[in-house]
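The structure appears right after this line, and notes come after that.
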Amino acid sequence: MKVSCRVRGDWFQVPCKDGDKTIRWLGDEALKRFLKLKPPSYVPNKEEVLHDIRKTVGGAILDPTDKISDVLDDNDFVSIVLESDRPNPQLSRAEIKYVPEQIPGGKFQLPDEYLFLDGNSLSTDDLLQLGKGRFKIKLTKEAEDQVDKARQMVDEIVRENRVVYGITTGFGKFARTVIDPLKLKELQENLIRSHAAGVGKALTPQNTRMLLALRINVLAKGYSGIRLGTLKQLIDAFNASCLSWVPEQGSVGASGDLAPLAHLALGMMGEGRMWSPATGWGEAKYVLESHNLTPITLSAKEGLALINGTQLITSIGAEAVERAGIIARQGDVVAALSLEVLKGTSRAFDSDVQNIRPHKGQALVARRLRSLLHSETYPSEIAQSHRFCNRVQDAYTLRCCPQVHGIVHDTIEFVRGIITTEMNSGTDNPIVFAERKETVSAGNFHGEYPAKALDYLAIGIHELASMSERRIERLVNPAYSELPAFLIKEGGLNSGFMISHVTSAALVSENKTLCHPASVDSLSTSAGTEDHVSMGGFAARKALQVVRNVEKVIAIELLAACQAIEFLRPLKTTFPLEEVYKVVRSVVSPLDKDRYMSPDILAVTSLLKEEKIWNAAKFHMENYHSSQAVETRVFSPSTYTFGGDRPSASESLQEDKKSKRKVSEGKILPPPGTKRSKKSSFQ
C-alpha cells in the first residue's frame with residue numbers, strides 16, 4: 001500500500017506496506033521526506049510541526065491514531081498541514097494555506113462515456129458537457145490520419161533545413177531570425193515559458209476543461225503539425241482531469257489567446273501549477289506523476305501549435321451562449337407568469353400581429369406566451385377574474401415581450417452560429433496544408449469574429465434583465481400591481497421584496513457598463529507586428545458575467561411573481577404556470593414575514609441554470625400546440641373603443657367565438673378573402 005502526501009504544494013509518495021501504521025506515522029514520514037528533499041517550498045532553519053492531516057478530496061481531517069488501512073485506500077491522497085502554514089490571524093486571512101481547493105463531497109466522478117472529436121463537428125453544448133466532466137475524449141481515425149500527415153510535412157521541413165516561420169525561425173518581431181537546428185526544441189520550450197505571462201484569478205476547472213477540450217479539437221483538424229503522440233498526451237491529461245493553472249487575464253485576442261494557452265501548455269510540460277480532483281493544486285509534474293502521466297516534450301512547431309488560436313475566447317463564449325439560450329427561453333416563461341399576476345392580457349400575442357412583422361424570434365416568443373396563458377386548453381381563473389376590466393393595453397414590458405425577447409433569441413442563434421464555426425476552425429499560424437505540401441502564414445488566429453459576436457451577445461441578453469427589472473418594479477409597486485407594497489403582509493414591520501428589487505436594479509446597471517463593446521478597442525503589440533487586436537478575451541469574460549447577472553435578475557422576478565400569486569389565492573393560474581409555481585415552492589416557501597433573502601435567490605437561480613423551470617412548462621406548451629386546433633383570442637376592451645358601451649358577458653362570449661380561426665399545422669389561416677404575397681413559416 002502507498003499513499004501520496006502533499007506538503008506545501010509538493011507531493012511525496014510514502015510506502016505504507018500493509019497499512020498497519022497510524023495516520024500520525026504517515027504524517028511524520030511525509031514531513032521527513034519534505035525536510036530531506038528540500039523542495040522549493042522548503043524554508044531553511046525553520047522547525048516544522050504537524051498541525052493536522054486531511055484527505056485531499058473533501059478536506060476531511062484524519063484522526064492521528066487511526067490505522068492507515070482503516071481510513072485510506074491504496075494510492076489515496078492526503079494533505080499534510082504544518083503549523084507554519086497557519087498565518088498570523090492579525091496579519092492575514094485566517095485560513096490554512098496549501099490545503100487545495102476541493103470539489104465538495106466527492107461530487108466529481110470521472111466519466112465512462114467518450115466523445116469522439118474530429119475537429120469539424122463539435123457543438124457548443126458538446127463543449128459545455130465536456131467542461132462539466134460528462135465525457136472523456138477520443139479522436140476519430142480520420143483525425144489521427146490527418147494529424148500524422150501534417151506532422152510528416154513538418155519533419156520534412158526540419159530535415160531539409162528550410163526556413164519556415166515558427167518552425168525554423170523566431171516568432172513575431174523575430175520572424176526573420178533563423179534558429180540553429182540543434183536549438184529547435186529549446187525554441188519551442190522558450191516560447192511556452194516566455195508567453196506564460198498571464199495574471200488574475202485562475203479559470204475554474206470547468207472552464208479549463210473546456211479550454212483544453214477545444215484546443216484538442218482544433219489540433220485534431222490536422223493543420224497544426226503537432227505529433228499524434230503529443231496530442232494523445234493532452235487527451236490523457238484531459239481524461240484524468242489534470243488541469244493546468246490558467247489565469248484569465250492577459251490575452252488581447254490577436255495572435256491567438258497566447259498567454260492563457262501558454263499557461264495551459266506549461267502545465268502539460270510539467271511546469272507551473274496543476275489541479276486534479278484527486279490531488280487538488282500542486283506542482284504540475286507531481287500531479288501528472290500521481291496519475292501515471294508524463295510531461296510532454298516539445299518538438300519543432302509544437303509549442304506554436306499549442307498556443308496559436310482563439311480557444312480562450314471561444315470556450316468562454318460557448319458557455320456564455322449556451323447559458324444565454326437556457327435563461328432566455330425560461331425568461332419567456334417567467335414573463336408569462338408576471339403578466340398573469342399583473343392581470344395583463346394576451347391579446348397582443350395574437351398570431352396575426354406577429355405575421356405582419358414576421359421576425360422569427362418575435363413569432364416564437366408570442367407562440368410560447370399563448371401556450372402558457374389563458375386558453376381553452378389551459379383556462380386561468382386569474383385571467384377570468386379581470387375579464388371585463390377597463391384596461392385598454394398593458395405596459396411595454398408586458399405587451400412588447402415578443403418584440404424585445406424575440407430579438408434576444410435571434411441574437412443568441414446568430415452568436416451560436418459564429419461560435420460553433422470558430423470552435424471547428426483551424427486557427428494556427430503557419431497553417432500546414434499537407435495535401436498541398438505547403439505552409440501558409442495567415443491570420444486565422446485573429447479573434448475579431450468571436451469578439452464582435454460576444455459583444456453582441458452581451459448587448460442582446462442584457463435586454464432580458466432590463467425588461468425583467470421593470471416587471472419586478474411593477475410587481476412590488478402597489479400603484480401598478482394593486483397588491484400589497486413589496487409583496488408582504490404588515491408592510492413597515494416587514495420590507496418584503498424591497499431590497500431584492502434593488503439588487504436587480506444594481507445588476508442591470510452593472511450590465512449596462514459591461515455591455516460597452518471590448519472589441520471596439522485595439523492596442524498595437526509585439527513592436528508593431530500585431531498592430532490590430534480584437535480584445536476578445538475581455539469580450540468573452542464580460543459576456544459571461546452579463547449572462548450570470550441576467551440569471552439572477554430573472555430569478556428575482558420569478559420569486560416575486562410566485563409571491564404575488566399568494567395574494568390572488570384561491571384563484572388558480574393556467575396549468576403550466578401552476579407547475580412552474582410548484583417547482584419554485586419545492587425550494588422556496590412563501591414569504592409570510594421578512595427573512596434572509598439571498599439563499600432564496602440563489603436557490604431559484606440554480607433552478608433556472610438547471611432548466612427546471614423550462615422542463616416544468618415544456619411538455620404542457622407542446623401539448624397546447626398539438627391539441628388546440630383553434631387559437632383562443634381573449635376579449636380586449638380596445639376592440640370596442642369605438643363601439644360605445646362595454647358588451648355584456650354573453651355578447652363578449654359570442655365575440656370571442658367569432659374571433660377564433662382554425663389553425664393548420666401551427667400556422668394561422670388568414671381571414672377569407674385576404675391575399676398574402678408570402679406564406680409565413682414562423683408560427
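Within the full protein context, the accessible area of Thr168 is estimated at about 0 Å² for a probe radius of 1.4 Å.
Ranked from largest to smallest solvent-accessible area, with a 1.4 Å probe on the protein heavy atoms, Phe388, Phe414, Phe619 come out as Phe619, Phe414, Phe388. Ranked from largest to smallest solvent-accessible area, with a 1.4 Å probe on the protein heavy atoms, Arg329, Arg176 come out as Arg176, Arg329. Solvent-accessible area of Glu376, all protein chains in place: 120 Å² (probe radius 1.4 Å, heavy atoms, ligands and nucleic acids excluded).
Can you give the net charge of the other residues whose Cβ lies under 14 Å from the Cβ of Leu475, counting K and R as +1 and D and E as -1? Overall, the nearby charge balance is -3. If you take the alpha carbon atoms of the stretch 180-234 and fit the smallest convex hull around them, that volume is 104 Å³ per residue. Note: relative contact order over the stretch 336-411, using C-alpha pairs below 8 Å and six or more positions apart, is 44 percent. Over 21 Å apart at the Cα level, from the set Lys2/Lys232; Lys221/Lys437; Lys360/Lys572; Lys232/Lys437, are Lys2/Lys232; Lys360/Lys572; Lys232/Lys437. Solvent-accessible surface (1.4 Å probe) assigned to Ser251 amounts to roughly 20 Å². Convex hull of alpha carbon positions in the chain: directionally averaged projected area 38.9 nm². When only the Cβ of Lys, Arg, Asp and Glu is charged (+1, +1, -1, -1), the dipole of the stretch 195-280 relative to its Cα centre reaches about 160 debye.
Using equal-weight Cα scatterers in the Debye expression, the normalised intensity of the stretch 331-485 in log10 at q = 0.21 Å⁻¹ is -1.30.
Relative contact order, whole percent, for the stretch 376-477 stands at 32, derived from Cα pairs under 8 Å and 6 or more residues apart. Entry note, the chain: relative contact order of 13 percent, from Cα contacts under 8 Å with a spacing of 6+ residues. Dimensions of the stretch 363-430 from C-alpha coordinates, computed as largest minus smallest value along each principal axis and given longest first, are 70, 26, 15 Å.
Projected over every direction and averaged, the convex hull enclosing the alpha-carbon atoms of the stretch 191-342 yields 11.0 nm². Seen from all directions on average, the stretch 163-206 presents a Cα convex hull projection of 4.4 nm². Most simply put, the chain has about 75% antiparallel DSSP beta bridges, counting only bridges with both residues inside it. In terms of overall dimensions, the stretch 522-612 has a Cα radius of gyration and Dmax of 20.9, 72 angstrom. Accessible surface ranking for Arg6, Arg416, Arg227, 1.4 angstrom probe, highest first: Arg227, Arg416, Arg6. Annotation for the stretch 524-581 versus the stretch 281-304: alpha-carbon center distance of 38 Å. Relative to its Kirkwood radius, the Cα radius of gyration of the stretch 282-388 gives an Rg/Rh of 1.38. Over the stretch 149-240, the alpha carbon radius of gyration divided by the compact-protein estimate 2.2 N^0.38 Å works out to 1.25.
The values are calculated or read from the model by the stated rules, or taken from the named source; none is laboratory data. Treat the numbers as computed from the prediction; the structure is a model and nothing was measured. Cβ: placed from backbone, ideal geometry, glycine included. Neighbour counts: every protein chain shown. Accessible surface is based on the protein model in full, side chains and every heavy atom, while ligands, DNA and RNA are left aside. Shrake-Rupley method; radii C 1.70, N 1.55, O 1.52, S 1.80 Å.
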